[in-house]
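Everything below concerns the one structure shown next.
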Amino acid sequence: MISVSPLDECVVLVQLERPEKRNALTRPLIEQLTASLRELAENASVRGIVLAGAGPSFCAGVDLHEFADGTPESGGRLIAALAELCATVRRHPKPIAAAIQGHCLGGALELAACCDVRVCTLDAQLGMPEVFLGIPSVIDAVMLGHLIGVGRARELLLTGDSISGETAYAWGLANRLAPAADLIGVALDVLGHMTRHDPEVIAAQKRLHQEWLDMPYQAAVEASRSALVEAFRAGRPQRLASARLKR
């Protein structure tokens, strides 16, 4: 239910393959996606990832059967699996772009929020409808406040209403807008501006930014200093700056 295919020499497309259910997430699908992303983290030939859904929707969120047939125990296992997936995306050493069309709801929006960039169609529908099911949005819904601010995040969480891709772009939730036919291409182009750089420095910058989100301001400033020293120890700035001077 997950496919992995090359888009160019260093970027792959990871696609949810459940279009008849709008790529709704079951626990096995969540676990399979987590495993695929972990494998790609160890693949040196892969420098970037586009995450998309087959068919007209990115992902409609968690499959409603997981709720209708659920128990406290199954609910706990489900949310643990989804939290592990989101953590895998946040901590992934390679840049990940979510290519969003159609529905991107609930757990799918949490997943997309954990990606490095989001490319949306104008008419995509992004929302957190958990309140309609009698549950709060949890785990990586916390990322929404970082992306769009507390007020707009609370509007999404408390109303359950969806916003369009156009509104998501205006709010800063989407990095780019694209027609459906160009969605993957635009996501690939954005990643190209990242994969042109040394993969070790991209991994270090991603790791630092994630740490910044978890720290008070001054602690984040102090914690980042050692990363620069480590870059000099590895010889990257000396090599790249010398190459630029020669040009």
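Some observations on this one:
- By average C-beta atoms within 10 angstrom, highest first, the peptides 199-206, 3-10, 82-89: 82-89, 199-206, 3-10
- Between 0 and 90°, nearest 10: helix 217-234 axis offset from the chain longest Cα axis: 50 degrees
- Acute angle (nearest 10 degrees) that the helix 183-195 long axis makes with the longest principal axis of the chain, alpha-carbon atoms: 30 degrees
- The stretch 6-13 - phi-based ³J(HN,Hα) in whole Hz, Karplus 6.51/-1.76/1.60, Gly and Pro as x: x, 9, 8, 5, 9, 10, 10, 9
- On Cα atoms only, tilt of 236-246 relative to the major axis of the chain in degrees: 60 degrees
- Cα-based equivalent ellipsoid, the stretch 199-246: semi-axes from gyration tensor eigenvalues, Å: 25, 11, 8
- √(5λ) per eigenvalue of the Cα gyration tensor, the stretch 1-107, largest first, Å: 24, 16, 10
- Residues of the stretch 118-149 with amide N under 19 Å of a point placed 7 Å along Cα→Cβ from LEU158: 127-139, 141-149
- Calculated from backbone phi, Karplus (6.51, -1.76, 1.60) coupling profile of the stretch 101-117 in Hz, x at Gly/Pro: 9, x, 8, 9, 10, x, x, 5, 5, 4, 4, 5, 5, 7, 6, 6, 9
- Between ARG77 and ASP8, residue separation times 0.36 nm minus the direct Cα-Cα distance comes to 21.2 nm.
- Where only DSSP H runs of four or more residues are counted, the chain gives -16000 deg cm²/dmol as its mean residue ellipticity at 222 nm, each run worth -39500 (n - 2.57).
- Size of the chain from its Cα atoms: along the principal axes, largest to smallest, the extents are 62, 40, 35 Å.
- ILE139, ILE100 arranged by Cβ crowding within 10 Å, fewest neighbours leading: ILE139, ILE100
- Take the Cβ atoms of ARG91 and VAL131, set R0 to 25 Å, and the FRET efficiency comes out at 0.30.
- For the chain, the antiparallel share of DSSP beta bridges with both residues in that region comes to about 30%.
- Label-to-label distance, nm, for residues given as GLU31 and LEU64 (7 Å Cα→Cβ offset): 2.6 nm
- Averaged over residues, the count of other Cβ atoms within 10 Å places the peptides 47-53, 181-187 in the sequence 47-53, 181-187, highest first.
All of the numbers you see were taken from the coordinates with simple rules; none came from a lab. On a predicted model such as this, the values are computed, not experimentally measured, just so you know. As a convention, Cβ positions derive from the backbone with ideal geometry for all residues, glycine included, and neighbour counts pool all protein chains shown.
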